[in-house]
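One structure below.
The numbers here are math on the coordinates, done by the rules we state, and not lab data. This structure is a prediction, so every number in the text was calculated from the model and none was measured. Every residue, glycine among them, receives a Cβ derived from its backbone with ideal geometry; neighbour counts consider all protein chains shown.
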Amino acid sequence: MKQTSLKNWENAINEINESDAIKKEHRKTNIKRLFESWNESDEQQEQQETLEIIESMNGILI
């Protein structure tokens, strides 16, 4: 499962980095909302798994 999540994360980051300015701005807003909802989540295990994926992604510009 972790490998699938990492691959999905990489695909999403590639899509973000290759998008035009308007799409990047929309995605930036959506990512902000994602992190806000993640911050409010009661599931510590889910937060930890997400954090591990984020930390594993070096050199990614969002």
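Between 0 and 90 degrees, the angle of helix 2-17 with respect to the longest Cα principal axis of the chain falls at about 20 degrees.
For the chain, count all C-alpha to C-alpha pairs, find those more than 15 Å apart, and express that count as a whole percent of the total.
Of all Cα-Cα distances in the chain, 56 percent exceed 15 Å.
Estimate the FRET efficiency between Glu52 and Lys32 by the formula 1/(1 + (r/R0)^6), using the beta-carbon distance for r and 22 Å for R0, to the nearest 0.05.
On the way: r = 20 Å, r/R0 = 0.93.
The calculated FRET efficiency here is 0.60.
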